[in-house]
Amino acid sequence: MKQPLSLTADQEGISVFCGANLLLKNFNPVINTDAGQIIPNLKEISEVKDNTTFFYAAEGIRHFNLTVNKAERSLVFSIDLETEQPLDPDAGAAFDFDIGRVTGTVNIFPDKIWWTSPSFARSKKDWPEKGQLTVLKNGGGQIISLLPLPQKGFSTYISSRGIELSIGCGGINTLSGAFLSVYTAREPIKAIQENFKNARRLKAITVPLLSERAIPGFVDELGWCSWNAFYRDMNEEKFISKMKEFKEKNIPVKWVMIDDGWLHEKDYRLLGLEADPEKFPLGLWHFVSQIKSVLDVKVGVWHAFTAYWSGIAPGSELDKKYSDVLTTISNGERILSFDPEKAYKFWSDWHSFLKDCGIDMLKVDNQGSYMREIRGQAVVSETTRSAHEALERSISEHFGSPALPLINCMGNQQENVLNRPMSAVNRNSNDFFPDDSNNFASHIVQNAWNAPWHSMLYVCDFDMWWSNHPDAYRSAVLRALSGGPVYVSDKVGETDFEKIAPLCDENGRIFRFPGAAMPTYDCFFTDCRAAEKPLKLFNQRGENFAVGVWNISDVPVDGEISISDIPRIDSGRRYLAYEYFSKKYRPFDLENSIKLSLGKGEVQAWSVYPIRDDKVKLGDCSKYFGAATPVAREVQLRHC
């Protein structure tokens, strides 16, 4: 039974109810200026159709209105504020609040400036800094999704202090726009996804959702990236030897990425737009020509959002040539101008050169550092958006549109995620670290809990992996379920096609799910590492479902897959489940769950098919998830 959202307000603050259940209590504003803190007083409330507006007043405030757009399951909060004195750069406006009884919490927050991870801390006092998304399960069983929103003039974060609006620089005395979207549902994935859809419908989200973006073709093809193979110790001979390996082993790689290590730089500062003359003495054009003479592949290159990790080398010929389109920031680095037209000129010149060299696609890295570098010198959200617009305008003109052949990387926070205008692929987690034996658990957790919100705007890239590695099968199943691009980064001589083949066809076409892999209901509010229980992720293609199961604990774990755990599945139907590694079939319905017992490091890959008239249309069981493949055969239940 639906229970609509409602508001009450008095001098203690605004409270939000879902039916009779309290969701948020005493939602109160505090304004922080150069002259000190201001506690506004509520003076008037106005109701006009679906909008409730709260009018506040206080000395030092010229005007302050808080408007809430109301629907049955959603609320969108907008601010219109002007103060006498400039606002505090970090928290110009803040809204503290209390929450009712909570039985589950997930906060997505930046554990590093580039990446976001989940926190499962239930008590509000333990919530992490700069939260990007909060999902609560309250005592009444409602799921509440709180989505802080960036606008042109500010970023918005959730923390133990409540909601904070951050401009990022001084001298500004206005805040205007939607800053928080709230949605309630009976399950967490729906609460998140419908929140995004509703915020976009109301133009509170001002960039396209994934459904409005064009997806580049490389996400459906097998790829390889040079990073973990060579890191920055790369040259033409090493790279070409890897291409020859693919040809000799008949591995159907369709695109390759020349990652960091190819550029002419010193001390992490860019010296020129050409390839490093010592590593690639005949230049980038020759290098790319050699690659394409060995393999029929698309070739991509890496560069940073600031051209290189620490920008352009001051005093270099490159710096002199582009001095009119560069700026010096407070740490002394030379980066692209905050003026998008000037930044576009630099990108356009470089991208034109890359295209002439035969480059087909790009990976743009280090995006999250940009906000830190410009903080104190510009409005962070607005300037970051302008930088993305300049970059993507150039990529669109030189490499094709509307489906930009681009992987965005190291940019998980809202200032990146909710400010890109066109691109459709985003790295979803921190790196795959092949030499760190404990990396896989944190890697899969980041990907699993970032996917529900990132996938509303992007195809989620779960990163490269090694096919010859102790975690190879665990990594392969994760990529098979991910719904994102699949690419390895094996060293020369190390690619094991036996582990890659169950991901693609003989032509390198990936069997990709149309959506992203996400946690099942019963795992969503649980840190499966600490709880020592199986981590289960699901995906779907048509009426087929898939569930990957991993033991990410240090001890054996037991559990089960119940039909009620899987979002969107028809729990009233009968299904047949097939597990790739054991080659076992199981009935799967309300009366038949799948019992699980996994040793340390073990993974299982279950495909779930609907039963009709005692017949099942099975996919290709030689693939990790036949549920993602075309129908291979129809069988009678008695034959299973």
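The values are calculated or read from the model by the stated rules, or taken from the named source; none is laboratory data. Just so it is clear, the model here is predicted, and its values are computed rather than measured. For neighbour counting, all protein chains shown are included, and Cβ atoms are generated from backbone atoms with ideal geometry for every residue, glycine included. The area values use the complete protein model at the heavy-atom level, side chains included, leaving out ligands, DNA and RNA. Shrake-Rupley method; radii C 1.70, N 1.55, O 1.52, S 1.80 Å.
Key figures
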| read-out | value |
| --- | --- |
| The stretch 190-222, subset among the hydrophobic types (A, V, I, L, M, F, W, C) and in a loop (DSSP other than H, G, I, E, B), residue nearest to residue 426 (Cα to Cα) | 215 |
| Pairs where the first residue, in the stretch 107-131, is open to solvent by 20 Å² or more (accessible area, probe 1.4 Å) and the second is of a type in the set (Ser, Thr, Tyr) and assigned to a loop (DSSP other than H, G, I, E, B), C-beta under 6 Å, 6+ apart | 110/116; 124/160; 125/160 |
| Filter result for the condition that a residue is open to solvent by 20 Å² or more (accessible area, probe 1.4 Å) and in contact (Cβ under 8 Å) with a residue 60 or more places away in the chain, over 247, 242, 279, 254 | 254 |
| Spans of strands (runs of 3 or more DSSP E) in the stretch 291-353 with at least 1 residues under 27 Å from the mean Cα position of the chain (by Cα) | 298-304, 334-336 |
| Residues within the stretch 553-566 that are surrounded by 19 or more Cβ atoms within 10 Å (Cβ to Cβ) and either part of a helix (DSSP H, G or I) or touching a Ser or Thr at 6+ places or on another chain (Cβ under 9 Å) (or both), tallied | 6 |
| Test: residue in the stretch 89-97 that is under 18 Å from residue 190 (Cα atoms) and buried (at least 23 other Cβ atoms within 10 Å of the Cβ) | no |
| Every residue from the stretch 393-445 that is more than 18 Å from the chain's Cα centre (by Cα) and either within 12 Å of residue 463 (Cα to Cα) or open to solvent by less than 20 Å² (accessible area, probe 1.4 Å) (or both) | 394, 395, 433, 434, 439 |
| Which listed residue is among the hydrophobic types (A, V, I, L, M, F, W, C), at pLDDT 95 or above and more than 21 Å from residue 194 (Cβ to Cβ), from 445, 417 | 445 |
| Search result, residues across the stretch 46-65 that are small (Gly, Ala, Ser) and in contact (Cβ under 8 Å) with a residue 12 or more places away in the chain | 57, 58, 60 |
| Leading residue by the ranking (farthest from residue 460 (Cα to Cα)) among those in the stretch 471-498 that are among the β-branched types (Val, Ile, Thr) and either without any contact (Cβ under 8 Å) to a residue 60 or more places away in the chain or crowded, with 19+ Cβ neighbours inside 10 Å (or both) | 495 |
| Qualifying residue in the stretch 224-234 (condition: surrounded by 17 or more Cβ atoms within 10 Å (Cβ to Cβ) and either part of a strand (DSSP E or B) or without any contact (Cβ under 8 Å) to a residue 12 or more places away in the chain (or both)) | yes |
| Residue within the stretch 18-33 that is in a loop (DSSP other than H, G, I, E, B), open to solvent by 50 Å² or more (accessible area, probe 1.4 Å) and touching a strand residue (DSSP E or B) at 6+ places or on another chain (Cβ under 8 Å) present | no |
| Filtered residue count, the stretch 1-17, keeping only those that are open to solvent by 40 Å² or more (accessible area, probe 1.4 Å) and farther than 18 Å from residue 138 by Cβ | 3 |
| The stretch 323-341 residues that are in contact (Cβ under 8 Å) with a residue 40 or more places away in the chain, paired with ones that are part of a loop (DSSP other than H, G, I, E, B) and of a type in the set (A, V, I, L, M, F, W, C) (beta carbon under 7 Å, 6 or more apart) | 338/378 |
| When residues of the stretch 345-365 are limited to those that are more than 18 Å from residue 259 (Cβ to Cβ) and of a type outside the set (A, V, I, L, M, F, W, C), the one surrounded by the most Cβ atoms within 10 Å (Cβ to Cβ) | 345 |
| Filtered residue count, the stretch 567-601, keeping only those that are open to solvent by 70 Å² or more (accessible area, probe 1.4 Å) and in contact (Cβ under 8 Å) with a residue 24 or more places away in the chain | 9 |
